[in-house]
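Worksheet: one structure, shown below.
Laboratory data are not the source of any read-out in this text; all were calculated from the coordinates shown. Predicted, not measured: the structure shown is a model, and the values here were computed from it. Cβ placement follows ideal geometry from the backbone for every residue including glycine, while neighbour counts extend to all protein chains displayed.
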Amino acid sequence: MQLRIPGPTPCPPQALEAMGRQMINHRGPEFGKILSAITRKLKQVFQTKGDVFVLTASGTGGLEAAVVNTLSPGDKVLSLANGAFGERFADIAEEYGAQLTRLNFEWGKPIALDAAEKALKADADIKAVLATHNETSTGVTNDIREISALVKKSDKLLLVDAISSLGCINLPTDDWNCDIVVTASQKGWMVPPGLAMVSISERAWQAYAKAKMPRYYWDFAKAKDFFQKGQTPWTPAISIFYALDVTLDLMLGEGLDNVFARHVRVGQAARNGVKSLGLSLFPDEKYASNTVTAINATDKIDVPKLIQLLREEYQVILAGGQQKLSGKIFRIGHLGLVYEKDIKSILEALSKAIPQAKKG
Ligand SMILES: *Cc1c(COP(=O)(O)O)cnc(C)c1O
């Protein structure tokens, strides 16, 4: 089976093997060593000197942690969303009592900088900005460097969902002044679901000191206290820590720049291949993601039928569209453990399955 959805992604055999290890005491020295090694390596991939915490949660838990550790009920928050995940981030902040200004951009298009700048200028009381680096639902990568420049010009906090891009697409946390960056284990990290990894800038800690949203499981001060003792506040998903220790070595061994370049090549191969099959890309190609390719189904392709055929006859698992894109697009995930040869075999399967999946 070729699992090519935008998470969970395939794990290398070394990671699967590592997870077969016996359990250890999560309050003992052996776990402390693993936690400290993983955190040191994560900081290299996040490109930060700030704190990075590993939370036992899926990515959404990391987004919730970002919100509740930096904001208070009633705080004004600007949401820049161009897809389902951007809207989810805003929903979380709203649920905890933040006052949202939602800029919702057309799905398939990037976050527009001029509109963001106008919204920031229009309301001096905005405290934080929420943005998605890679919008997995539409296959668009937003320009976080430019967004950050705007946000910092007006001196606001920037919280970034980089769940499906970090470790695949360059995002230098410190250089680009991102206050919180969130990612999750089952995306580009080549390990199973179960961990969210979150960075926190000095400025985010200052926000923490004033933030009044309720928090217990997600409390970053607890995470920091326990980290100093070589522990996590709550029982961690130990097996995934074993695996992440191994895959971080693989990533750093390959070299971050090489990992990013491989994703650029694979993304380009996917886009070229799809177009050579006579299909069109859903997003504006200039902003197309190097970790997930979204393809228009046109009115001729029956998406559920295509996905079923690919699974049952070609052993390829692709994703459909989410929410309003259901039935309208399908998506190839190409993040983490993926090479050009994998794209080639998916395209071969697609070229055979598409004529069989015509409507009517
Ligand atoms: C996958 C994903 C999420 C959600 O993560 P879960 O691990 O399913 O909670 C959020 N944002 C983006 C951009 C994602 O790709």
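Tabulated results
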quantity	calculated
Cβ charges +1 (Lys, Arg) and -1 (Asp, Glu), total dipole of the stretch 1-47, debye	200
For L159, L250, L120, order by how many other beta-carbon atoms lie within 10 Å, fewest first	L250, L120, L159
Percentage relative contact order, the stretch 268-325, counting C-alpha pairs under 8 Å, at least six apart	22
Pairwise centroid distance, computed over Cα atoms, of the stretch 199-238 with the stretch 279-348, Å	37
Counting DSSP beta bridges with both ends in the chain, the antiparallel % (nearest 5)	50
Label-point separation, T298 to K286 (7 Å along Cα→Cβ), nm	2.6
Furthest towards positive pole of dipole, N177, G97, T232, structure part the stretch 13-252, Cβ charges	T232
Rg/Rh (Cα only; Kirkwood hydrodynamic radius) as it applies to the stretch 256-356	0.95
Order of L318, L347 under a 10 Å beta carbon neighbour criterion, fewest first	L347, L318
Inter-part distance where the stretch 144-190 and the stretch 47-118 are each reduced to a Cα centre, Å	11
Relative contact order [Cα under 8 Å, 6+ residues apart], the stretch 238-306, whole percent	25
Helical mean residue ellipticity (222 nm; -39500 (n - 2.57) per DSSP H run of 4+; nearest 500) of the chain	-13000 deg cm²/dmol
Most to least packed among 88-97, 3-12 [average Cβ atoms within 10 Å]	3-12, 88-97
Qualifying chymotrypsin sites (Phe, Trp or Tyr not before Pro) in the stretch 310-354, DSSP loop, other Cβ atoms within 10 Å at most 14	Y339
Normalised per residue, the volume of the convex hull around the Cα set of the chain (Å³)	124
Two-decimal Rg to Rh for the stretch 159-229 - Kirkwood Rh, Cα set	0.99
